[in-house]
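Enquirer: This is the structure, below, for whatever I ask next.
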Amino acid sequence: MDKLTKDDFEVIIGLEIHTELNTKSKLFSPAPNRFGDEPNSNISHVCTGQPGALPVLNREAIQKAVQFGCAIGAEVQLTSSFDRKSYFYPDSPRNFQITQFYHPIIKGGRVVAEVGGEEMEFSVSSAHLEDDAGMLKHFSSFAGVDYNRAGVPLLEIVSEACMRSPKQASAYAMAVKAILQYIDASDCNMEEGSLRIDVNVSVRPKGEEGLRNKVEIKNMNSFSNMELALASEIKRQISAYLANPDKPHKEVIQQSTFRFNPETGETVMMRRKEMADDYRYFPEPDLVPIVLTKSYVDEINSTLPELPLQRRKRYVSELGLSQDNAFILVSDKPLADYFDEVLKGTKNAKAACNWLIGEFPGRFRETSESLVTSGITPKHVAELIELIDSGQITGRIAKSVADDMVTNRSASAKEIVDANPSYRPVSDLALIRPICEEVVNNNPDSIQDYLSGRKKAFAFLVGQVMKATKGQASPDLVNKLLIELIETKNG
């Protein structure tokens, strides 16, 4: 066999996505399910594992799990059950987790994601309900445990090992996040830990059957870090195989759990990987099985909201947006909702899209805000677009108006324009005509290009006039004068 090179390997990736469901109370107790409260204030006897405390299942968590299953076209199990996963750690006061190991509530399903401008379909293995652990907090001289998160409902979504690159993994994860947001199952706030991703990755020579030992990278809290972690671990595994060509591959890469160090850009081993037997799974004795009816599942399926893929197709077919721009909007549900509100005040969907994903984000780059959270209303953004389309302001003036809207969040675009005389386009024929004449006289080549049918040449002439007037000339007047002057000069 020829000596292998790094290009002779293929990558196998699977993801375990843990999302906290936004139920009002926890999975097995009436304690509030809220983030950011005082430590150990949202707890109960069940959350803290007090002797004799019995779990009571949250119906809302079941509903949200079923919604997700329906949204990905999965098989919702009419009968599922809970199991105990035994492990000792300070943030798990019971010394076990309640999960669904043997009989998960969701099996199968598919998620469609856009990768490099193309749609790809990824398979889901299963999704199951379980309760979250508490949170360890480290201080300078001691550590503490906050049990507010203990018992929060989690939906763990396990993919098939069907991804072949970090980009595919990231695209799949973003698509899952969007679906969860659209069905209002979770806020998916990665900074607050509402969405956490464990990555399983292995490599093997191309054409080889079966899977080699995998490495799990825990708790990815951003898509960019996940891609970096995968790239680092893939490089590490391939290098290890190339450096040990005669060693059994099971000894070269052992099943382990790693973490990612963003400062070094490298993965770091935490421990050897536990196997299922290590957790001593057995059926949860304090909970009866979950039994659903087909009519219950059908009703949830029939009331699903518009999902990301459907929305993107609508934006492209009905509004004429590009696939890329539609994808950017749809991937951020609050932004897409804001966009739909803007369209109630203007029919110019392409301009609205440009302002939402191009112009306004740049104005919030230095802060943690976004247009959606800024207090600037969709109505005011629509008004800005209408002022441009009606010729009341120019595109250049509109940029200044937008700056003022960010400074004064409550003011409408029209109020800002009315209060500032310099924001009104110059329509004085005596001022604009000499400038247009000069542009026509100084650009004979562009005139000929325009007469030959090149529309960009005319846009260039308009641009020269707008440049000379600092963007304040009325576009309609400029267009009219230029056409008139060109026809007179070449009539």
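Each value in this text was obtained by applying a stated rule to the coordinates, not by laboratory testing. All figures in this text were calculated on a predicted structure; none of them were measured in a lab. All Cβ positions, even for glycine, are placed from backbone atoms using ideal geometry, and neighbour counts span all protein chains on display.
Enquirer: Let me check against my output: what whole-number percent is the relative contact order of the range 308-423, with C-alpha pairs under 8 Å and at least 6 apart?
Expert: Computed over the range 308-423, the figure is 21 percent.
Enquirer: Using the alpha-carbon atoms, what tilt in degrees (0 to 90, nearest 10) does helix 429-442 show relative to the longest principal axis of the chain?
Expert: Around 80 degrees separate the two axes.
Enquirer: Just one of (1) 19, 42, 27, 12, 1; (2) 21, 54, 23, 2; (3) 25, 56, 18, 1 is P(r) over Cα pairs in 20 Å bins from 0, in percent calculated from these coordinates, so which is it?
Expert: Recomputing P(r) over Cα pairs in 20 Å bins from 0, in percent here gives the entry labelled (1).
Enquirer: To the nearest 0.05, what FRET efficiency results for Glu38 and Lys489 with a Förster distance of 45 Å applied to their C-beta separation?
Expert: 0.05
Enquirer: A follow-up question, please. Taking the Cβ of each residue in Val11, Val406 as the centre, tally the other Cβ atoms inside 10 Å and list the residues starting with the fewest.
Expert: Ascending Cβ contact count within 10 Å gives the list Val406, Val11.
Enquirer: Could you tell me which trypsin sites (Lys or Arg not before Pro) in the range 345-390 are loop residues by DSSP with no more than 10 other beta carbons within 10 angstrom of their beta carbon?
Expert: Sparse-neighbourhood loop trypsin sites (Lys or Arg not before Pro): Arg365.
Enquirer: Here's something else I'd like to know. With a cut-off of 8 Å between alpha carbons and a minimum separation of six or more residues, what is the relative contact order of the chain in percent?
Expert: 14 percent
Enquirer: Right, next: So what's the angle, to the nearest 10 degrees on a 0 to 90 scale, between helix 59-71 and the longest Cα principal axis of the chain?
Expert: Taking the Cα atoms of the chain, the angle to 59-71 is about 60 degrees.
Enquirer: Strictly over 31 Å apart at the Cα level, which of Lys235/Lys350; Lys85/Lys333; Lys177/Lys414; Lys26/Lys107 would you flag in this model?
Expert: Beyond 31 Å between Cα atoms: Lys235/Lys350; Lys85/Lys333; Lys177/Lys414.
Enquirer: In terms of the Cα gyration tensor, with a ≥ b ≥ c the square roots of its eigenvalues, is the range 429-489 rounded because a/c is under 1.5, prolate because a/b exceeds b/c, or oblate?
Expert: Prolate.
Enquirer: For Val316 paired with Lys455, estimate the spin-label separation in nm (one decimal), with each label point 7 Å from Cα along the Cα-to-Cβ line.
Expert: 2.3 nm
Enquirer: OK, next. Ala161 to Asn443: extension gain in nm, 0.36 nm per residue of separation minus the Cα-Cα distance?
Expert: Full-extension gain reported as 95.4 nm.
Enquirer: Helix-derived [θ] at 222 nm for the chain: sum -39500 (n - 2.57) over DSSP H runs of at least 4, divide by residue count, nearest 500?
Expert: Computed mean residue ellipticity for the chain: -11500 deg cm²/dmol.
Enquirer: Something else about it: Going by the alpha-carbon gyration tensor, a ≥ b ≥ c the square roots of its eigenvalues, is the range 269-370 rounded (a/c under 1.5) or, if a/c is not under 1.5, prolate (a/b greater than b/c) versus oblate?
Expert: Taking the square roots of the gyration eigenvalues as a ≥ b ≥ c, the range 269-370 is oblate.
Enquirer: Can you return the aspartates and glutamates within cross-link range of Lys313? Criterion is Cα-Cα under 17 Å, with same-chain partners fewer than 8 residues away left out.
Expert: Straight-line reach from Lys313, under 17 Å: Glu114, Glu118, Glu119, Glu121, Asp324, Asp332, Asp337, Asp340.
Enquirer: Among Tyr279, Tyr172, Tyr102, Tyr450, which comes first, then next, by fewest other beta-carbon atoms within 10 Å?
Expert: The most exposed by this proxy come first: Tyr102, Tyr279, Tyr450, Tyr172.
Enquirer: Right, something else. DSSP beta bridges in the chain, what fraction antiparallel, as a percent rounded to 5?
Expert: The answer is about 95 percent antiparallel.
Enquirer: Using only Cα atoms, tell me the angle between helix 333-342 and the longest principal axis of the chain; keep it within 0 to 90° and round to the nearest 10.
Expert: 30 degrees
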